[in-house]
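What follows is a single structure, written as structure tokens, with notes after it.
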Amino acid sequence: MRAASSKNKTRKIDLYTLAEQLCEHFKGMAQDRGIWLINQCHGQLDAAPEPLRRARANLIINALRYEASNSPVVVSTEINPNSMSLWLHNHGTPIEAGHLPNLFERFYHCYASRHQPDDSGGLGLAIVRSVMHAHMSEVKIKSNVQETVFSLRLPFKDN
């Protein structure tokens, strides 16, 4: 029990380093699909590192599954006065607006034809939402013909 709880302990995370580790981890998968990962992250954040890593990894995996070949997946950050946003941009097929409200539901799949053998079974984005709720944060998505953008907004904690 102690080992599990120590993974969820909040500490300062360097977001560039976290993103670089994830980009390196998924580099082979990206190359196999003709995609390149771009790390534009900066800043630090107080958060539980393992759940945040899992949330970011799930977003990268999804982007790699549905991204168009010969295009980038960009991970970036934006620092605001009261919060930090972690972004993931990709240029794959847009997600129809009718699917967006259900995307973070467990076992939800937009299109049965997109179901792949290495799929998470519809849990990946539900895990992202769960991690964000545990950090009293939010996840949002917008999708149009130019891009799909996932945003993880984490408020700064008062010290």
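The values are calculated or read from the model by the stated rules, or taken from the named source; none is laboratory data. Computed from a predicted structure; not experimentally measured. Glycine also receives a Cβ, built like all others from the backbone with ideal geometry; neighbour counts cover every protein chain displayed.
So here's what we get for this one:
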| quantity | calculated |
| --- | --- |
| Subset of region 9-36 [loosely packed, with under 12 Cβ neighbours inside 10 Å and either closer than 18 Å to E138 by Cα or at pLDDT 90 or above (or both)] | R11, K12, E24, G28, Q31, D32, G34 |
| Where a residue in region 95-107 is exposed (fewer than 10 other Cβ atoms within 10 Å of the Cβ) and its partner, wherever it lies, is of a type outside the set (A, V, I, L, M) and at pLDDT below 85, with Cβ under 9 Å and at least six apart | F107/G121; F107/G122 |
| Residues of region 131-159 classified as more than 21 Å from S76 (Cα to Cα) and either modelled with pLDDT of 80 or more or of a type in the set (G, A, S) (or both), total | 1 |
| Odd one out for F104, checked against (1) farther than 16 Å from R56 by Cα; (2) at pLDDT below 80; (3) among the hydrophobic types (A, V, I, L, M, F, W, C) | (1) |
| Top-ranked residue in region 69-94 [being assigned to a loop (DSSP other than H, G, I, E, B) and modelled with pLDDT of 85 or more; ranked as surrounded by the fewest Cβ atoms within 10 Å (Cβ to Cβ)] | P81 |
| Filtered residue count, region 124-154, keeping only those that are assigned to a helix (DSSP H, G or I) and either at positive phi or free of Cβ contacts under 8 Å to residues at least 24 places away in the same chain (or both) | 3 |
| Qualifying residue in region 37-49 (condition: in contact with a Leu (Cβ under 9 Å, 6 or more places away or on another chain), within 21 Å of R129 (Cα to Cα) and modelled with pLDDT of 95 or more) | yes |
